[in-house]
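Notes for the one structure printed next.
The values are calculated or read from the model by the stated rules, or taken from the named source; none is laboratory data. It should be emphasised that the depicted structure is a prediction, and the values quoted were computed from it without experimental measurement. Glycine gets a Cβ as well: all are built from the backbone with ideal geometry, and neighbour counts include every protein chain shown. Each accessible area value is taken on the protein alone, full model and side chains, heavy atoms only, with ligands, DNA and RNA left out. Shrake-Rupley method; radii C 1.70, N 1.55, O 1.52, S 1.80 Å.
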Amino acid sequence: MVYFDYAATTPLDKDCAEVYVKVSTEFFGNSNSLHDRGGQAADILENCRAELARLLGVRKQSLYFTSGGSEGNFLAIEALLSSEKKKGKHIIAGMAEHYSIHGTLRRLKELGYEITYLPYTSSGLIDPEVFQKSIQPETVLAIVQHVNSEIGTIQPIQEIGEICRNHNIFLHCDAVQSFGKINLSSIVPYVSSFSFSGHKIYGPKGIGGVYIDPFIDWKPFFPGTSHEKGFRPGTVNVPGIAAMTVAAQKIFERAQSDYDRFIQLRNSFITALEPIIDRVKIYQAPINHQLPSILGMSVTGIEGQWIMLVCNRLGFEISTGSACHVGMQSPAMITKALGLDRNEAKEFIRISFGQMTTEEDVKKLANGIVRIVENYPGSVVI
């Protein structure tokens, strides 16, 4: 099987696995314990915090470790709302945000918040002018992901951040898909918080983190919590943090070469689709707003799930959108944000490249999709 679902998760890097085992077996103390072994774990924890802060271009005091991106999104939003920067209960969010964001917003709506969801342009971007027009006197928070997980578009965070700053609005950014692939230091001055995750960059699952502007005075969501300065409860996962830090060091070092290689792979894949290109729709932005490793597309008249299942039989593992949405029996969020109709939404598939993807792999996948389309027994999505 050839894996094309790196946007969902990545295999654990061998160096990271070795670090995880070593820290788990030799430095297993609770980082809050006062004995020597606890002190060793605390030293590793703070060294990792300092190194990740260096890579991200932030102060180490502003980083808090979580169990992953979903928890990070929830806790960051709650922290920002706890600070009471200004009075109001209106929130603006992108329509295609991650499901953890939508779940949090549903909860906040029950608590009396009004939520405005913004659609995407045909290029998969939030229009800053539309964003500005959505602001109300009561707007206290905006939530805009950095990179969409289903089509890979890079949102104009700097422009939106400037608007938020001018209107005294907090801005949370889900940076799970951009962490290690785009220089996040470029958005730090424009956001109040952002979340990231280890398993998208060849680190372990169950670990991630949040940056919160150190000048924001927030209150803990869980009372009486001692770990991570009260940001979250539970014994800190020092082995996971150490392994994620190694993964971050490695992916940050090769970020530019990966980016260049993924552009080439993307172009090769699209070129190989030429025999059926009149039936293919690729949802993407101009290259300066597009992560090349994520490709969202559809083939007119064929359900995406059909293509995915046949690809699987041919030895290619692709997806029909975010893995967090599987089983919900509804289209990927991005299809609603793009304004696709029911049939168009059902045609959507996602292909994502990673460290092990080769030129030969993408050409074989494209050729396989061409054969699937040419041999498809019907032509209308039911």
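Quick notes on this one:
- Bins of 10 Å from zero: percent of alpha-carbon pairs in segment 18-144: 11, 29, 28, 18, 12, 2
- Of Asn267, Gly72, Ile201, farthest towards positive along the dipole that unit charges on Lys, Arg, Asp, Glu beta carbons give the chain: Gly72
- Distance violations [Cα-Cα > 29 Å] among Lys87/Lys336; Lys181/Lys336; Lys60/Lys205; Lys22/Lys364: Lys87/Lys336; Lys22/Lys364
- About the Cα centre, charge dipole magnitude for segment 1-141 (Lys/Arg +1, Asp/Glu -1 at Cβ), debye: 480 debye
- Pairwise label distance in nanometres, Gln61 with Arg165, each label 7 Å out on the Cα-Cβ vector: 2.1 nm
- To the nearest ten degrees, helix 14-26 and the longest principal axis of the Cα atoms of the chain are 30 degrees apart.
- Helix-only [θ]222 nm of the chain, DSSP H runs n ≥ 4, -39500 (n - 2.57) each, per residue, nearest 500: -12000 deg cm²/dmol
- Solvent accessible area, Å² - Ser67, 1.4 Å probe, full protein context: 50 Å²
- Loop-resident trypsin sites (Lys or Arg not before Pro) (DSSP state other than H, G, I, E or B) in segment 70-101 with no more than 12 further Cβ atoms inside 10 Å of their Cβ: Lys87.
- Inter-label distance, Glu359 to Thr225: 4.9 nm, where each label sits 7 Å from its Cα along the C-beta direction.
- If the chain linking Asn367 and Glu138 were pulled fully straight, counting 0.36 nm for each residue of separation and taking away their Cα-Cα distance, it would gain 77.2 nm.
- Between the helical axis of 69-82 and the longest alpha-carbon principal axis of the chain there is an angle of about 50 degrees.
- Between 0 and 90°, nearest 10: helix 99-110 axis offset from the chain longest Cα axis: 60 degrees
- Spin-label pair Thr121/Thr271, simplified geometry with 7 Å Cα→Cβ offset, distance in nm: 2.9 nm
- Normalised by 2.2 N^0.38 Å, with N the number of residues, the alpha-carbon radius of gyration of segment 224-341 equals 1.45.
- Net charge dipole size for segment 80-192 [Lys, Arg +1 and Asp, Glu -1 on Cβ; Debye, nearest 20]: 320 debye
- Each Lys and Arg adds +1 at its Cβ and each Asp and Glu adds -1 at its Cβ; summed about the Cα centre, the chain shows a dipole of about 440 debye.
- Between the listed residues Ile287, Val299, Cys311, the Cα displaced farthest toward the positive end of the dipole of segment 201-311, a dipole computed from Cβ unit charges relative to the Cα centre, is found at Cys311.
- A 1.4 Å probe run over segment 109-219, with the rest of the protein chains in place, finds 36 Å² accessible per residue.
- A value for Cα extents along the principal axes in Å was derived from the coordinates, and within the list (1) 60, 48, 38; (2) 69, 49, 41; (3) 67, 53, 34 it appears as (3).
- Förster radius 30 Å - calculated FRET efficiency between Ala50 and Glu18 (Cβ-Cβ, nearest 0.05): 0.90
- Net lengthening on full extension, Ser82/Glu26 (0.36 nm per residue, minus Cα-Cα): 16.3 nm
- If R0 equals 35 Å, the separation of the Cβ atoms of Ile282 and Lys205 corresponds to a calculated FRET efficiency of about 0.70.
- Taking every C-alpha pair closer than 8 Å and separated by at least 6 residues, the mean separation divided by the residue count of segment 1-92 gives a relative contact order of 10 percent.
- Note on Arg49: accessible area is roughly 20 Å² with a 1.4 Å probe, heavy atoms of protein only.
- Accessible surface of the chain [probe 1.4 Å, protein heavy atoms]: carbon and sulfur percent: 53 percent
- Burial order of peptide ranges 280-292, 299-311 (average beta-carbon count within 10 Å, highest first): 299-311, 280-292
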